[in-house]
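Encoded as structure tokens, the structure appears first; notes follow it.
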There are 2 protein chains.
Amino acid sequence: MPQNSYIEHPKFHVAVDCVIFGYENDELKLLLYPRRFTPSKGDWSLMGGFVQETETLDDSSRRVLLQTVGLNNIYLEQVRGFSEPNRDPGARVISMAFYALIRIDEHDSKLASLHSGNWWPITKIPELVFDHNQMVHEALEKLQQKASYKLIGKELLPEQFTLTQLHNLYNAIFQKNFDAGNFRKKIASLNVLEKLALKDTSTSKRGAYYYRFKDDADTFEYDRIVKL
Amino acid sequence: MPQNSYIEHPKFHVAVDCVIFGYENDELKLLLYPRRFTPSKGDWSLMGGFVQETETLDDSSRRVLLQTVGLNNIYLEQVRGFSEPNRDPGARVISMAFYALIRIDEHDSKLASLHSGNWWPITKIPELVFDHNQMVHEALEKLQQKASYKLIGKELLPEQFTLTQLHNLYNAIFQKNFDAGNFRKKIASLNVLEKLALKDTSTSKRGAYYYRFKDDADTFEYDRIVKL
DNA sequence: GCAAAAGTGTTACCGGTACACCCATGT
DNA sequence: ACATGGGTGTACCGGTAACACTTTTGC
């Protein structure tokens, strides 16, 4: 807030950078793009964009996501503001890092490949432009934090999914191997999933029941799902 | 991150606003100031300032704190970026909210009162300017989050303190009443405090042992101190 | 029948909670 | 002696970690 009148203070380019998480083949993945402009043109980077006059930071992030993966109503969370004066050698840009959770199968892959977007397993993220590796690191920490006291998956898994899929998702997020039996008991105790009559027979002969998140799942308060 | 060259994108005033926490008389308090400029001149607000060309957001926050409470090396944490286009009716300002933890007895109270600063109990925060009440709300949530899995107090309590003081601090932060016996056992199990030979006899006849944080206290990984 | 994934049960242990109780000392 | 805050002990309960076990079905 102002120390004195507004006029005499410097102004900055403000940007958003999006750490876009998806889940596919039992792996947590990130959508990355080759940077389209100098400096560092061609190097891998997060998708981002400059904030416009009429936008909030969230708006800006949503616009960027709509333009790059063709989705609306995306789950978004601020990670942190990055503001080293020389973080972007091209110009002084203050950037807010966000993370987004999307369903890979729902995104517009044509749009993504149009910008040469590529999904990278979280375990094999390449060297990124500027401070983007740091952004990814902190985004993952935030995601783990979130997933440890709130059941996530609604935004990453398909509408219907098996408990094994959910279990694998948690394993992927934490790079651990939670005990399958204990995990499913914990989930059951939360009372936020609805068991469906359908079975998924694609991965096992016996078949696994599909579940879905109850409609009021986001209103639930949990204690702790897994230890960090 | 650029979508295309930097030049054609708008620039913004960027500010920081500081939620300054202190602890005094068994109460968690906030340092607030009457706003010095229109709009809303005279109304209570957080202390803040505009980011300068050579500063990071953290730098800026530290400068503001040095100027207002005369302290260096303050514990700081980003809360969130606030960016509603009309949040400040005077001009478009994107602001990063921070929270800071300081020892009330160490701050430069003359400097603070020079700007008419006043310490307000967290339970009695007045109506604040713009979105500052929201900032305070989210800062307190972050502080609670932090305090629930990390032992805080080092930045808020004097160098030496009794377990009762620490207990009261936690009660103040969470507005709860943790069981005294269980609380002190939990603290002991963390193994981050050092018991001193000295006793504080100011509040009880028997006297209470002073403790201090071990030098390597910040390197410890904890599980959970208290439930949220 | 066997392999493989899904799902259930059993048990031992650890940690939190509630609460009773003892301690030290100034008045 | 007693009130007051400081500090310890204990008994119960519930969660959870580890792991054995059963079920179902395709091959």
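The values are calculated or read from the model by the stated rules, or taken from the named source; none is laboratory data. Computed from a prediction, not measured in an experiment: that's the story for all the values here. Don't worry about glycine lacking a Cβ; one is built from the backbone with ideal geometry, like all the others, and counts go over all protein chains shown. With ligands, DNA and RNA removed, areas are computed over all heavy atoms of the protein, side chains included. Shrake-Rupley method; radii C 1.70, N 1.55, O 1.52, S 1.80 Å.
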- When a/c is below 1.5 the answer is rounded, else prolate if a/b is larger than b/c, else oblate, so apply that to the stretch B:13-149 with a ≥ b ≥ c taken from the square roots of the Cα gyration tensor eigenvalues. rounded
- Query: ³J(HN,Hα) across the stretch A:9-23 via Karplus (A = 6.51, B = -1.76, C = 1.60, θ = phi - 60°), whole Hz, x for Gly/Pro?
  - Reply: 9, x, 10, 10, 5, 10, 10, 10, 10, 10, 8, 9, 8, x, 9
- Apportionment of accessible area to carbon and sulfur, the stretch B:13-149, percent (1.4 Å): 46 percent
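What pairs in A:Lys124/A:Lys214; A:Lys29/B:Lys150; A:Lys124/B:Lys150; A:Lys227/B:Lys124; B:Lys110/B:Lys154 have C-alpha atoms more than 26 Å from each other?
Violating the 26 Å Cα-Cα cut-off are A:Lys124/A:Lys214; A:Lys29/B:Lys150; A:Lys124/B:Lys150; A:Lys227/B:Lys124.
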- Using only helices, what value at 222 nm comes out for chain A when you add -39,500 (n - 2.57) per DSSP H run of length 4 or more and divide by the total residues, to the nearest 500 deg cm²/dmol? -8000 deg cm²/dmol
- Task: Starting with the highest mean, order B:162-174, A:190-202 by the number of other Cβ atoms within 10 Å, averaged over the residues of each peptide.
- Result: B:162-174, A:190-202
- Task: Straight distance only, please: which aspartates and glutamates reach the Cα of A:Lys185 with their own Cα at less than 15 Å, same-chain residues fewer than 8 apart left out?
- Result: A:Glu194, A:Asp223
- Placed amide H near A:Val79: partners under 5 Å, 5+ positions off or other chain: A:Ala97, A:Phe98, A:Tyr99
- With the 8 Å Cα cutoff and a minimum separation of six or more residues, the stretch B:161-219 has a relative contact order in percent of 36 percent
- Sequence-distant or interchain residues sharing an amide H contact under 5 Å with B:Leu28, placed H: which? B:Ile122
- Environment charge of A:Gln160, counting only residues whose C-beta is closer than 9 Å and scoring Lys/Arg +1, Asp/Glu -1: -1
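Give the average, rounded to an integer, of partner chain Cβ atoms located within 10 angstrom of each Cβ in B:93-103.
For peptide B:93-103, the averaged partner shielding equals 2.
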- Query: Over chain A, what relative contact order in percent results from Cα pairs under 8 Å that are six or more residues apart?
  - Reply: 21 percent
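Other chains near B:10-18: what is the mean number of their Cβ atoms within 10 Å of each residue's Cβ?
So the per-residue partner count for this stretch is 6.
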- Quantify how strongly other chains surround peptide A:219-225 by giving the mean number of their Cβ atoms within 10 Å of each of its Cβ atoms. 1
- Message: Between B:Gln67 and B:Arg224, what is the label-point separation in nm under the 7 Å Cα-to-beta-carbon projection?
- Response: 4.3 nm
- Message: Show me the trypsin sites (Lys or Arg not before Pro) within the stretch B:1-72 that DSSP assigns to loop and that have at most 16 other Cβ atoms within 10 Å of their Cβ.
- Response: B:Arg36, B:Lys41
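Give the percent of DSSP beta bridges with both residues in chain A that are antiparallel, rounded to the nearest 5.
Percentage antiparallel, nearest 5: 75.
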- Item | Environment charge at A:Gly22 (Cβ cut-off 10 Å; Lys +1, Arg +1, Asp -1, Glu -1) | -3
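Indicate the gyration tensor shape class of the protein assembly as shown (rounded, prolate or oblate), computed on the Cα atoms with a ≥ b ≥ c the square roots of the eigenvalues: a/c under 1.5 is rounded; otherwise a/b larger than b/c is prolate and the rest oblate.
Oblate shape, in that a/c is at least 1.5 and b/c is the bigger or equal ratio.
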- Item | Karplus-derived 3J(HN,Hα), 6.51/-1.76/1.60, for each residue of the stretch A:102-110, Hz, glycine and proline x | 9, 8, 4, 5, 9, 6, 7, 5, 5
- Query: In whole percent, how big is the carbon plus sulfur part of the accessible area of the stretch B:161-219, probe 1.4 Å, protein atoms only?
  - Reply: 47 percent
- Determine the percent antiparallel among the DSSP beta bridges restricted to the protein assembly as shown, to the nearest 5. 75 percent
- Query: Expressed as a rounded percentage, what relative contact order does the stretch B:65-163 have, with Cα pairs under 8 Å and six or more residues apart?
  - Reply: 30 percent
- Query: From the backbone phi of the stretch B:204-210, what are the Karplus-calculated ³J(HN,Hα) couplings (6.51 cos²θ - 1.76 cosθ + 1.60, θ = phi - 60°) in whole Hz, Gly and Pro given as x?
  - Reply: 9, 6, 5, x, 10, 5, 7
- Message: Using only protein heavy atoms and a 1.4 Å probe, how much accessible area in total is buried between B and A, to the nearest 100 Å²?
- Response: 4500 Å²
- Add +1 for every Lys or Arg and -1 for every Asp or Glu among the other residues with Cβ under 11 Å from the Cβ of A:Gly90, and state the total. +3
- Message: If each label sits 7 angstrom from Cα along the C-beta direction, how far apart, in nm, is A:Ala197 from its counterparts in the other copies?
- Response: 7.9
- Item | Accessible area of the protein assembly as shown divided out per residue, in Å², using a probe of 1.4 angstrom | 47 Å²
- Item | Exposure of B:Glu106 as accessible area (Å², to 10), given a probe of 1.4 Å and all protein chains | 100 Å²
